[in-house]
Each structure stands twice: as structure tokens, then as C-alpha cells.
Amino acid sequence: MATTTQSRTSTSTDAIVLLKDDHKQIKKLFADFQKAGDGAQKSKQRLVDKMIELLTVHTYIENEVMYPRVRALLPDLEDDVLESYEEHHVADVLVMELSAMKATDERFTAKTTVLIESVTHHIDEEEKDWFPQVREGLGRKTLQEIGQEMQAARKKAPRRPSQPSALKKTIDAVIA
């Protein structure tokens, strides 16, 4: 069974455990991309396509479930949640741009590297600073309830970014 399938059938519904599992899968793709050689365009394209899918789903469940619930239940963490939304926005823009590119495009590897750096920073902040505060503030039962909501949201989450037509035109102009 594939790693991505195994993680989705995990018996834990703890929201933080689920998010850390996503992080682990995403970081594995990042490492694989960074190990790929300069001529490995097919591999890089495949890895970026999978990154786009995982990041789109992950961002969706955090934005739609985790962040709103934490913001409502732990108002002291509101600034952290707002910063996370902005970090997601930056990643979303890069993901949208990459989804319109091919591995043969001049800036494909550079743009992917910037995405990797940005998302890695976000993951590190969440895991080292934010998750411990959330776990302490919410407790196991609430995190399991949020995790169940996240699992339901994952089923309806988009797998590719949606591009508003104006943004797509801007992206196409920049890429051209």
C-alpha cells in the first residue's frame, strides 16, 4: 500500500498527528526533488505535481477546519493563525504558478526551490512553536474532534489549485 494511502487510514484522528503526517509526506517530496539531477525533468515534474496535490489538500483542510477552530477556541493564538494564512497565501501563489509550468521552463526549479524553502519554514514554525501551544490549549478530545472534521474535509478538498482568470493571466504573462 502506498505511503499516502497508509497515512489516510491511520487510526489516529488527532488533528496535529494528521497534520504532522502530511508534513512528513511533503518533506519527503521536497527531499526527493532536491536529490533529482539537473536532467531529471520527468522526475521533477512528477514530484512537483504530487507536491501541488498534497499542498493543495493540506492547505485546504488547515484553512477550512484547523485554523478557524483554533482561532475561535484559542484567541491568544490569533496572530499566529493570521501569519499562517499569509504563509499559505504565498505558497498558494507559487503552487498556482508551478501548476501552469513545465519542468523544462527556465524558472521551474528556482520557483520550486522557493516553494520548498517557504513551506519548510512554515512547517518548522508549526511543529516547533504552534502545535505545542495548540495541544496544550485544546487537549486530546478537542484535537480528535477537529481531526475528524479535517478527515471529512480532506474527502472534498480540491486536488489542484483554482486560478481566478485575472491571476491566471498575470501568471501566464510572467511565465512567458
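The values are calculated or read from the model by the stated rules, or taken from the named source; none is laboratory data. The structure presented is a predicted model; accordingly, all values stated were derived computationally and were not measured. For neighbour counting, all protein chains shown are included, and Cβ atoms are generated from backbone atoms with ideal geometry for every residue, glycine included.
Among the residues of segment 33-91, those that are among the acidic types (Asp, Glu) and not in a loop (DSSP other than H, G, I, E, B) comprise Asp49, Glu53, Glu62, Glu64, Asp76, Glu78, Asp79, Asp80, Glu83, Glu86, Glu87. All conditions but one from (1) in contact with a Leu (Cβ under 8 Å, 6 or more places away or on another chain); (2) surrounded by 15 or more Cβ atoms within 10 Å (Cβ to Cβ) apply to Met101; the one that does not is (1). The criterion of at least 1 residues that are within 17 Å of Val57 (Cα to Cα) and modelled with pLDDT of 95 or more is met by the following helices (runs of 4 or more DSSP H) wholly inside segment 93-176: 108-125, 131-156.
Of all residues in segment 10-32, those satisfying the criterion of being free of Cβ contacts under 8 Å to residues at least 24 places away in the same chain, part of a helix (DSSP H, G or I) and of a type outside the set (Lys, Arg) are Asp21, Ala31, Asp32.
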